[in-house]
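Written out below as structure tokens is the structure these notes cover.
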Amino acid sequence: MPRAVVWFKRDLRVADHAPLVEAAEHGPVVGLYTHEPEVLASPEWSPRHLAFIEDCLGELRDRLASLGSVLLVRHGAMPETLDRLHDQWRFEELRSHEETGLAITYARDRRVAAWCRRRNVRWIERPQHGVVRPLASRDGWAGRWRRRMAPPPLPAPTSIAGPTADQMEILAAEDAPASDIHGTTVNPMIDAQRGGEIDANEVLHSFLHERGEHYQRAMSTPIEGWTACSRLSPHLAYGSISIRTVHHATRDRIESLREDPATGGWRRSLASYEKRLRWHCHFMQKLEDEPEIEFRNFNRAFDGLRQEDRARWTPEEQARFDAWVGGRTGYPLVDACMRCLDRTGWINFRMRAMLVSFAAYHLWLHWKPVAEHLATRFLDFEAGIHYSQCQMQSGVTGINTVRIYSPVKQAIDQDPEGRFIRRWVPELADVPDEHVARPEEMPPLTQHMAGCLIGENYPAPVVDHETAYRAAKQRIFDARGTSRARQEASRVYRRHGSRSRRAERR
């Protein structure tokens, strides 16, 4: 019977885990998770992510132990970690899920593949999402996604053969404690979600049966979205639940409601959510098909439109970036969202889009440093979705509608009573409702009465909305109007664009 190492990456669960199930059917199994120095040093990584990962690993370790196996947690580069493990416990197979990630993880996978060939180890990868590898054309992609999601989720193994007790003792001696990874760094987040398969399933159940009825309407607001959104995104990002499990549970819930005319709101909301599960993979597919979008514009006609190199930024550009990062732009909803994100690791999609749009258009900042900062704050950072969306909201795909969000209008529409703003920007706690979206318009006496002097207690707007809006609109549409931009847009659409329903049904 072949010995197998199941390499856990962003799939920290035992249910619906094909590599684990298949390995358990064929012989002894050891689970492996590696904290890789190259990943930990990447600009997208933050100690904020580690607490969630540690929750997942702790539960995964217990589950594998209860089934008869072991999870090894190592700190080291790949494939050197595999080399050491192979010397300790000679294995014939390496099993894992495919990963659509950063360039550094793609390069690591190539090194692992070369190591497997040298060591005569069979590496067996299985798909985890609806991402298709390789994909020759986007035509018919939605049909492939549905076929990928159609089989029921795999149950967790009932037992797994592991190493002997003596072997386990030797292997576990090199496990890396969390302190080796983050040292004395303190996680600054409060009210962040916990990781693990148990939590993931509880969150899914509460969304489908308690919280999700008003999802379709409430997902855009930062107040209601906090509970009305599924809140499964970090679990999907780290794989403590599979997207297929979520898809089937959502379909089953919709079917159970179909005969009850009083549940129309539930059905509409869950149908809307189900569609977004496909979008999740749609955006990941973009990075799978064109890994270069981590570094460069989708549409190369926009190269040079904004300054990417922070070393060449003007003092004004750096000041605008710093104000945005610190939640001190003078635009209350922007500042509230940035501060909320900094402390909780989550904000709803509409507000994420506004944050990127504001940075890209009003502040005229390149999407790359903006994306890298947000990656460190998003507990649910998923590279394929993240870089696709940051480019789209910055207007550099050439195929998507240009959306320049007004932070004032968004505040009025999405937080009309200023509850979210006041929670996260306490300087504005006593500002009258009519001024909370634009506090700089308060008369001096009102500022004194509210205890909020603009320029002292709370900053004046870092840019003028109307001036910045008009300048950004002119620049982006001038760039879109060139023949090269149109040619590039055709190329981008052929490679990445969502197809018509007719084409997708093939």
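The values are calculated or read from the model by the stated rules, or taken from the named source; none is laboratory data. Everything numeric in this text was worked out from a predicted model, so none of it was measured. Here the Cβ positions follow ideal geometry from the backbone for every residue, glycine too, while neighbour counts run over all protein chains shown.
Select, from Ala336, Ala323, the only residue that is surrounded by fewer than 23 Cβ atoms within 10 Å (Cβ to Cβ) and either in a helix (DSSP H, G or I) or within 25 Å of the chain's Cα centre (by Cα) (or both).
It is Ala323.
Given the condition at positive phi, charged (D, E, K, R) and not assigned by TED's automatic domain parsing to the domain that holds Arg499, answer yes or no: does some residue in the stretch 212-221 qualify?
Looking for residues that are at positive phi, charged (D, E, K, R) and not assigned by TED's automatic domain parsing to the domain that holds Arg499, one finds none in the stretch 212-221, hence no.
Search the stretch 159-170 for residues being in a helix (DSSP H, G or I) and without any contact (Cβ under 8 Å) to a residue 24 or more places away in the chain, and hand back the single one that is surrounded by the most Cβ atoms within 10 Å (Cβ to Cβ).
Taking the candidates together, the pick is Glu169.
Can you name every residue in the stretch 381-414 that is out of contact with any Lys or Arg (no Cβ under 9 Å at 6 or more places or on another chain), in contact (Cβ under 8 Å) with a residue 12 or more places away in the chain and not in a helix (DSSP H, G or I)?
Phe381, Thr397, Ile399, Arg403, Ser406
What tally of residues in the stretch 144-158 results from selecting those that are aliphatic (A, V, I, L, M) and without any contact (Cβ under 8 Å) to a residue 24 or more places away in the chain? Don't jump to the end; show me each part of the working.
First, pick out the residues of the stretch 144-158 that are aliphatic (A, V, I, L, M): 149-150, 154, 156.
Filter once more, so that each one left must be without any contact (Cβ under 8 Å) to a residue 24 or more places away in the chain: 150.
Of the residues in the stretch 144-158, 1 are aliphatic (A, V, I, L, M) and without any contact (Cβ under 8 Å) to a residue 24 or more places away in the chain.
Can you go through Glu427, Glu440, Glu466 and tell me which one is of a type in the set (Asp, Glu), part of a helix (DSSP H, G or I) and either touching a Pro at 6+ places or on another chain (Cβ under 8 Å) or not assigned by TED's automatic domain parsing to the domain that holds Tyr361 (or both)?
Glu440
Pull up the stretch 344-373, narrow it to residues that are touching a Leu at 6+ places or on another chain (Cβ under 7 Å) and over 13 Å from Ile404 (Cα atoms), then point me to the one that is surrounded by the most Cβ atoms within 10 Å (Cβ to Cβ).
Gly345
Can you tell me which residue is nearest to the chain's Cα centre (by Cα) among those in the stretch 84-111 that are among the basic types (Lys, Arg) and in a helix (DSSP H, G or I)? I'd like the intermediate steps shown before the answer.
Let us first name the residues in the stretch 84-111 that are among the basic types (Lys, Arg), namely 84, 90, 95, 108, 110-111.
Now restrict to residues that are in a helix (DSSP H, G or I): 84, 108, 110-111.
Numbers: Arg84: 32, Arg108: 21, Arg110: 24, Arg111: 25 Å.
My answer is Arg108.
Suppose we keep only residues that are in contact with a strand residue (DSSP E or B) (Cβ under 7 Å, 6 or more places away or on another chain) and under 25 Å from His373 (Cα atoms) within the stretch 28-75. Which one would you say is surrounded by the fewest Cβ atoms within 10 Å (Cβ to Cβ)?
The initial filter retains those residues of the stretch 28-75 that are in contact with a strand residue (DSSP E or B) (Cβ under 7 Å, 6 or more places away or on another chain), namely 29-35, 57, 60-61, 64, 69-75.
Add one more test, that the residue is under 25 Å from His373 (Cα atoms), and what stays is 34-35, 75.
Values: Thr34: 23, His35: 19, His75: 17.
In this case the residue turns out to be His75.
Provide a single number: the residues in the stretch 7-41 that are within 24 Å of Ser233 (Cα to Cα), among the hydrophobic types (A, V, I, L, M, F, W, C) and either within 19 Å of the chain's Cα centre (by Cα) or not in a loop (DSSP other than H, G, I, E, B) (or both).
9
Here is a list: Asp289, Asp309. Which entry is surrounded by fewer than 17 Cβ atoms within 10 Å (Cβ to Cβ) and under 24 Å from Pro369 (Cα atoms)?
Every option except Asp309 fails the conditions.
Condition test on Ala77, is it assigned to a loop (DSSP other than H, G, I, E, B), modelled with pLDDT under 95 and of a type outside the set (Asp, Glu)?
No; evaluated as a whole, the condition is false for this residue.
Rundown of residues vs (1) outside any loop (DSSP other than H, G, I, E, B); (2) among the aromatic types (Phe, Trp, Tyr); (3) not assigned by TED's automatic domain parsing to the domain that holds Glu488, yes/no style:
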site	(1), (2), (3)
Ile223	no, no, yes
Gly264	yes, no, yes
Gln285	yes, no, yes
Phe298	no, yes, no
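Give the residue that is nearest to His17 (Cα to Cα), with candidates limited to residues of the stretch 139-150 that are surrounded by 17 or more Cβ atoms within 10 Å (Cβ to Cβ) and touching a helix residue (DSSP H, G or I) at 6+ places or on another chain (Cβ under 7 Å).
Met149
Within the bounds of the stretch 493-505, is there any residue that is surrounded by 15 or more Cβ atoms within 10 Å (Cβ to Cβ), of a type in the set (A, V, I, L, M, F, W, C) and at pLDDT 95 or above?
No, every residue in the stretch 493-505 fails to be surrounded by 15 or more Cβ atoms within 10 Å (Cβ to Cβ), of a type in the set (A, V, I, L, M, F, W, C) and at pLDDT 95 or above.
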